[in-house]
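Step one of this worksheet: look at the structure below.
The values are calculated or read from the model by the stated rules, or taken from the named source; none is laboratory data. Since we're looking at a predicted model, the values are computed, not measured. Note that each Cβ is placed from the backbone with ideal geometry, even for glycine, and that neighbours are counted across all protein chains shown.
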Amino acid sequence: MDDLAGFLRTRRSRVDPAAVGIPTDSRRRVEGLRREEVAHLSGVSVDYYVRLEQGRATQPSEQVLDALARVLGLDGTEHGHLRRLARQRRRRAKAPGGRIRPELLRILGLVADAPALIMDHRMDVLAGNHLAGLLYGRPATGLNTARHIFLEEAERGLYAEWENCTLDVVGHLRLAAGKYPEDPRLASLVGELAMGSERFRRLWARADVRARTHGRKAYRHPLVGLLELHQENFALPDESGMELLVMSAVPGSPAEDGLRLLAALGADKSDGTPPIDAHPTRQAQVRD
């Protein structure tokens, strides 16, 4: 399926005709707007819009994309995604490989009282601090959080708001697929998730996109109970596709007490594991 065509179809189906001034009655059979209605409201010909939804149209102009975004009620994240999908035929962005610079690992090591990770666009954890490993109950490095959430049934109880987590994951992977449509590892991950999870298949078909920036993350840890944390995502400024994720607790909250207890339990069981664990290939790259 053409990604731009599929995205337009799903966005069209969710627009309430009454919200854009189109009267409806009981005889209307179409969910959302009709193609000709989108074309009329956007100021393009019906034939051109039909070709867009069939993946046969030439490169749409920025003005056409802006008009479609307005009619379809796209937010900023969706509008940017629409533009990337429309540019795919002209320019294929190479998926970043990226190195973890030693300075980043040093910064990660300075975060002592909160779980912190470095993650790539595929949601692979490339490095994590000790408290992140304690949160997940295993070394965080090497974990793919999308796979962890959708496919590892035994781990589902860790996510106190599992359904909302799945929406975030699919929305992020949709954005990543729009940025890097020729990334074979990303395509393989999506295929694996679709094969293994019926919920992933349903959510992926909706073509929703979400930007990971910040928000509440709740975990139900088997040792310390409920941890209601705040996650901040810091995109690294080197076009590596990596982000630094830090999950903090409100001062004086039960979650702060829980993180302190978790750190104390981890210290009791410490076997000399370094405070930072990084993917071995990434560590080798850092030494180059």
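Has the range 116-131 got any residue that is among the charged types (D, E, K, R) and free of Cβ contacts under 8 Å to residues at least 12 places away in the same chain? Checked the range 116-131: no residue is among the charged types (D, E, K, R) and free of Cβ contacts under 8 Å to residues at least 12 places away in the same chain. Can you find a residue in the range 126-147 that is assigned to a helix (DSSP H, G or I), polar (S, T, N, Q) and under 30 Å from residue 253 (Cα atoms)? Looking for residues that are assigned to a helix (DSSP H, G or I), polar (S, T, N, Q) and under 30 Å from residue 253 (Cα atoms), one finds at least one in the range 126-147, hence yes. Going residue by residue through the range 83-93, is there one that turns out to be touching a strand residue (DSSP E or B) at 6+ places or on another chain (Cβ under 9 Å) and not aromatic (Phe, Trp, Tyr)? Checking the range 83-93: not a single residue is touching a strand residue (DSSP E or B) at 6+ places or on another chain (Cβ under 9 Å) and not aromatic (Phe, Trp, Tyr). Hey, can you tell me all the residues within the range 217-243 that are free of Cβ contacts under 8 Å to residues at least 24 places away in the same chain and either among the charged types (D, E, K, R) or not assigned by TED's automatic domain parsing to the domain that holds residue 120 (or both)? Residue satisfying the conditions is 232 alone. Selection of the range 219-243 for residues being in a loop (DSSP other than H, G, I, E, B), under 19 Å from the mean Cα position of the chain (by Cα), under 21 Å from residue 149 (Cβ atoms) and not small (Gly, Ala, Ser) yields only 242. List the number of the failed condition for residue 110; all other conditions in (1) free of Cβ contacts under 8 Å to residues at least 24 places away in the same chain; (2) not assigned by TED's automatic domain parsing to the domain that holds residue 211 hold. The single condition residue 110 does not satisfy is (2).
Of the residues 246, 209, the single one that is farther than 22 Å from residue 109 by Cβ and either without any contact (Cβ under 8 Å) to a residue 40 or more places away in the chain or not in a helix (DSSP H, G or I) (or both) is 209.
In the set 198, 182, which member is out of contact with any Lys or Arg (no Cβ under 7 Å at 6 or more places or on another chain) and acidic (Asp, Glu)? Can you show your working first?
Working: 182 fails: out of contact with any Lys or Arg (no Cβ under 7 Å at 6 or more places or on another chain).
Just a single option satisfies the conditions, and that option is 198.
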